[in-house]
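J.: Can you read through this structure? Questions will come right after.
The values are calculated or read from the model by the stated rules, or taken from the named source; none is laboratory data. Source: prediction; values computed, not measured. No Cβ is skipped: glycine too gets one built from the backbone with ideal geometry, and neighbour counts run over all protein chains shown.
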Amino acid sequence: MSLILGIESSCDETAAALVTSDREILAHKLAGQEAEHAPYGGVVPEIAARAHAEILTPLIAAALAEAGKTLDDVDAIAATAGPGLIGGVMVGLVTGKALAMAAGKPLIAVNHLEGHALSPRLVNPDLAFPYLLMLVSGGHCQILRVEGVGQYRRLATTIDDAAGEAFDKTAKILGLGYPGGPRVEAFARQGDPKAVPLPRPLVRSPEPHFSFAGLKSAVVRAHQSGAHKPEDIAASFQQAVVDCLRDRLEKAIQDHGSCAHLVVAGGVAANGPIRAMLEQVADENGMAFTAPPQWLCTDNAAMIAWAGAERFAAGLTDSLDFVARPRWPLDPTAEKARGAGVKA
Ligand code: KG4
Ligand code: ZN
């Protein structure tokens, strides 16, 4: 059995966790930065990096204390090394390197997306490779075939915005505040999803990708026209996202076949109508549907520690020279999607 310290700082959550290779979560600490970013309606990279730098070391100490462990008890230190906001990633990675060096423990540089991709296996020991993953968060919107540790096939990605980003922008347009996803979902419950005609970008396109930028522009126009109730815009927007995700998932299954399991990860997995749709698509295609608990779907360090544990078990550790990567595709063989790059 090995014990892994995980560190996460790639966006607006600072997190530290201690997880064993036996799937025991000994500590899992998280400090959000909602209050810092709220006045700006989104994450400000410089503010995020500074907040990570202030809070990470005490958070790691708190995680070790909660677990009743010291650095000597840890077998390896896993830190997110990308992709993400580079200032924040550097804070976490440098901290991980310093601890690894001081304690004489191996460093594992974890791809944040691999953290999301493997997280369902932390809570579900029966989830075997390969499985189909819908990764929908504020920074990512991808369909992946998870074939093994370090082995991913990207079946679809966004050519512009991520799904969560579209929710956040819609919330901003409708004046609902930040973070937008849960607010749009709650507001949409009072609206009519058929009231506002909105586009479904790339639906039925032969290219297997997502696009949400045009949907956002349409939301702006619908709002500015003054012809629609904001709750109807929210409901119609959410329905458009559901329809886009469904169409692209069905295409991926059609093109590449199904797996025993369909898994969802990322903050947008909290969305009720999106979850219901995924469950239905899984059912229609003879797949079991697995969703990790909500706290594990959004950014956290337990998933980084777990990805570290899986990599450690496979004998994969990294040199202290490892450089933080703002972009780091999980599937290096995947073709660049038109217009994409940032989130691929
Ligand atoms: O995974 P996450 O915590 O961070 C990233 O890696 O991006 O995801 C946060 C994203 C935000 O865009 C947030 O608005 C969205 O997930 N989100 C939701 C819901 N809850 C969170 N989107 C739609 N419906 C929700 N209920
Ligand atoms: Zn994430």
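J.: Name every residue in region 1-32 that is within 14 Å of ligand 1 (Cβ to nearest atom) and acidic (Asp, Glu), in order of residue number. Spell out the reasoning first.
T.: Keep residues of region 1-32 that are within 14 Å of ligand 1 (Cβ to nearest atom), which gives 8-15, 30-32.
Scanning region 1-32 gives Glu8, Asp12, Glu13.
J.: Across region 1-57, what is the total count of residues that are surrounded by fewer than 16 Cβ atoms within 10 Å (Cβ to Cβ) and among the charged types (D, E, K, R)?
T.: Residues that pass the stated criteria total 7.
J.: Is there any pair with a first residue in region 309-332 that is over 25 Å from Arg145 (Cβ atoms) and a second that is at pLDDT 95 or above and in a loop (DSSP other than H, G, I, E, B) whose Cβ atoms are under 7 Å apart and which are 6 or more apart or on different chains, and what are they?
T.: Thr317/Pro106
J.: Return the residues of region 278-306 that are more than 12 Å from ligand 2 (Cβ to nearest atom) and touching a Leu at 6+ places or on another chain (Cβ under 7 Å); say none if nothing qualifies.
T.: So in region 278-306, the residues more than 12 Å from ligand 2 (Cβ to nearest atom) come out as 278-295, 302, 305-306.
Once the filter is applied, which keeps residues that are more than 12 Å from ligand 2 (Cβ to nearest atom) and touching a Leu at 6+ places or on another chain (Cβ under 7 Å), region 278-306 yields Leu278, Val281, Ala282, Met287, Phe289, Thr290, Ala302, Ala305, Trp306.
J.: Hey, among Ile159, Ile233, which residue is hydrophobic (A, V, I, L, M, F, W, C), touching a Ser or Thr at 6+ places or on another chain (Cβ under 7 Å) and farther than 23 Å from Trp295 by Cβ? Step through it out loud before you land on a result.
T.: On the way: Ile233 fails: touching a Ser or Thr at 6+ places or on another chain (Cβ under 7 Å).
Criteria check complete, one pass: Ile159.
J.: Moving to a separate point now. Assess whether Gln254 counts as being more than 27 Å from Glu24 (Cα to Cα), within 11 Å of ligand 1 (Cβ to nearest atom) and either among the polar types (S, T, N, Q) or not assigned by TED's automatic domain parsing to the domain that holds Lys216 (or both).
T.: no
J.: Hey, does region 108-118 have a residue that's free of Cβ contacts under 8 Å to residues at least 12 places away in the same chain and β-branched (Val, Ile, Thr)? I'd like the intermediate steps shown before the answer.
T.: Kept after step one, since they are free of Cβ contacts under 8 Å to residues at least 12 places away in the same chain, are these residues of region 108-118: none.
No, the conditions are met nowhere in region 108-118.
J.: Still on this structure: Taking the condition of being β-branched (Val, Ile, Thr), touching a helix residue (DSSP H, G or I) at 6+ places or on another chain (Cβ under 7 Å) and surrounded by fewer than 23 Cβ atoms within 10 Å (Cβ to Cβ), how many residues in region 84-105 meet it?
T.: Step one: list which residues in region 84-105 are β-branched (Val, Ile, Thr), which gives 86, 89, 91, 94-95.
Remaining after also requiring touching a helix residue (DSSP H, G or I) at 6+ places or on another chain (Cβ under 7 Å): 91, 95.
Those left that are additionally surrounded by fewer than 23 Cβ atoms within 10 Å (Cβ to Cβ): 95.
Looking only at that region, the number is 1.
J.: Do you know which of the residues in region 110-138 that are away from ligand 2 (no atom under 16 Å from the Cβ) and among the aliphatic types (A, V, I, L, M) is surrounded by the most Cβ atoms within 10 Å (Cβ to Cβ)?
T.: Leu132
J.: What do you reckon, is Val241 closer than 23 Å to Thr158 by Cα, surrounded by fewer than 24 Cβ atoms within 10 Å (Cβ to Cβ) and in contact with a helix residue (DSSP H, G or I) (Cβ under 7 Å, 6 or more places away or on another chain)?
T.: Working: closer than 23 Å to Thr158 by Cα: yes; surrounded by fewer than 24 Cβ atoms within 10 Å (Cβ to Cβ): no; in contact with a helix residue (DSSP H, G or I) (Cβ under 7 Å, 6 or more places away or on another chain): yes.
The answer is no for Val241.
J.: Is it the case that Ala163 is away from ligand 2 (no atom under 15 Å from the Cβ) and either surrounded by 21 or more Cβ atoms within 10 Å (Cβ to Cβ) or touching a residue at least 12 places away in the same chain (Cβ under 8 Å) (or both)?
T.: On the way: away from ligand 2 (no atom under 15 Å from the Cβ): no; either surrounded by 21 or more Cβ atoms within 10 Å (Cβ to Cβ) or touching a residue at least 12 places away in the same chain (Cβ under 8 Å) (or both): yes.
The answer is no for Ala163.
J.: Please enumerate the residues belonging to region 281-332 that are within 16 Å of His112 (Cα to Cα), at pLDDT 95 or above and among the β-branched types (Val, Ile, Thr).
T.: Once the filter is applied, which keeps residues that are within 16 Å of His112 (Cα to Cα), at pLDDT 95 or above and among the β-branched types (Val, Ile, Thr), region 281-332 yields Ile304, Thr317, Val323.
J.: Which is more than 11 Å from ligand 1 (Cβ to nearest atom) and of a type outside the set (Val, Ile, Thr), of Ala265, Ala270, Ala260?
T.: On the way: Ala265 fails: more than 11 Å from ligand 1 (Cβ to nearest atom); Ala270 fails: more than 11 Å from ligand 1 (Cβ to nearest atom).
Of the residues listed, the single one that is more than 11 Å from ligand 1 (Cβ to nearest atom) and of a type outside the set (Val, Ile, Thr) is Ala260.
J.: Suppose we keep only residues that are part of a loop (DSSP other than H, G, I, E, B) and of a type in the set (A, V, I, L, M) within region 202-238. Which one would you say is farthest from Asp160 (Cα to Cα)?
T.: The selected residue is Ala227.
J.: State yes or no: is Pro199 assigned to a loop (DSSP other than H, G, I, E, B) and farther than 20 Å from Gly139 by Cβ?
T.: On the way: assigned to a loop (DSSP other than H, G, I, E, B): yes; farther than 20 Å from Gly139 by Cβ: yes.
When the stated conditions are applied, Pro199 passes them.
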